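Shown next, in structure tokens, is the structure this report addresses.
The values are calculated or read from the model by the stated rules, or taken from the named source; none is laboratory data. Because the structure is a prediction, the values reported are computed rather than measured. Using ideal geometry, Cβ is built from the backbone for each residue, glycine included, and neighbour counts are taken over all protein chains shown. Surface areas here come from the heavy atoms of the whole protein model, side chains and all, with no ligands, DNA or RNA. Shrake-Rupley method; radii C 1.70, N 1.55, O 1.52, S 1.80 Å.
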Amino acid sequence: MKKIILAALLSIGTLLAAPLNTGGKASDITVKIQSEKDLSVGQNSITVSLAKDTKPFTPKSVELKAFMAAMPGMPEMSDKVELKGKDGIYKGSLNFVMSGTWQISVTIVDTDGKRKRYKTSASF
Ligand SMILES: [Cu+2]
């Protein structure tokens with residue numbers, strides 16, 4: 001019985017391990033966020049694509065942040081990176097120190113200095 005439950009849990013874990021591939025809107029900016037590989041503990045290469053009016057968009061800056069709320073016996077955890085790139089494609093790497101559910105946010109400073117944010121979450 002224990003073996004069956006363990007096997008079931010392991011297969012759920014495998015199903016959840018997938019590349020990050022999602023997107024939405026940060027105000028008037030369309031944001032796409034993708035990881036190169038399945039998300040895992042450690043460094044994860046992530047690409048953020050930005051568009052405005054369907055054209056690649058170049059903002060002043062793009063920051064990517066991962067956050068995990070405090071858990072019993074564990075403080076909150078986070079990592080952030082200033083993405084580098086041009087012409088609407090920005091890349092960087094986030095360090096996830098453990099598996100679980102992470103809140104992920106993309107903060108864009110628009111050309112007029114306004115901050116615009118897109119939020120999502122990922123579990124692995
Ligand atoms: Cu945690």
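Worth pointing out:
- Within segment 55-72, the set of residues being open to solvent by 90 Å² or more (accessible area, probe 1.4 Å) and either at pLDDT below 95 or within 12 Å of the ligand (Cβ to nearest atom) (or both) comprises just one member, PRO72.
- Filtering segment 102-118 to residues that are within 16 Å of the ligand (Cβ to nearest atom) and among the aromatic types (Phe, Trp, Tyr) leaves only TRP102.
- Positions within segment 92-124 being assigned to a loop (DSSP other than H, G, I, E, B), open to solvent by less than 30 Å² (accessible area, probe 1.4 Å) and on the phi < 0 side of the Ramachandran plot, in sequence order: ASP110
- Candidate set from segment 21-54 (those that are of a type in the set (Asp, Glu) and in contact with a Pro (Cβ under 8 Å, 6 or more places away or on another chain)); member that is modelled with the lowest pLDDT: GLU36
- Residue match in segment 84-91 (condition: in a strand (DSSP E or B) and within 15 Å of the ligand (Cβ to nearest atom)): no
- Selection of segment 98-121 for residues being aliphatic (A, V, I, L, M) and at pLDDT below 95 yields only MET98.
- Residues that are without any contact (Cβ under 8 Å) to a residue 24 or more places away in the chain, under 17 Å from LEU20 (Cβ atoms) and hydroxyl-bearing (Ser, Thr, Tyr) do occur in segment 70-81, at least one of them.
- Enumeration of residues in segment 24-46 that are under 15 Å from LYS65 (Cα atoms) and either among the basic types (Lys, Arg) or part of a strand (DSSP E or B) (or both): ALA26, VAL31, LYS32, ILE33, GLN34, SER35, GLY42, GLN43, ASN44, SER45, ILE46
- Single residue of segment 73-83 satisfying the filter (more than 12 Å from the ligand (Cβ to nearest atom) and not aliphatic (A, V, I, L, M)) that is farthest from VAL106 (Cα to Cα): ASP79
- In this structure, GLY88 does satisfy being without any contact (Cβ under 8 Å) to a residue 60 or more places away in the chain, open to solvent by less than 40 Å² (accessible area, probe 1.4 Å) and not hydroxyl-bearing (Ser, Thr, Tyr).
- All of SER121, SER99 fail the test of being within 15 Å of the ligand (Cβ to nearest atom) and touching a helix residue (DSSP H, G or I) at 6+ places or on another chain (Cβ under 9 Å), apart from SER99.
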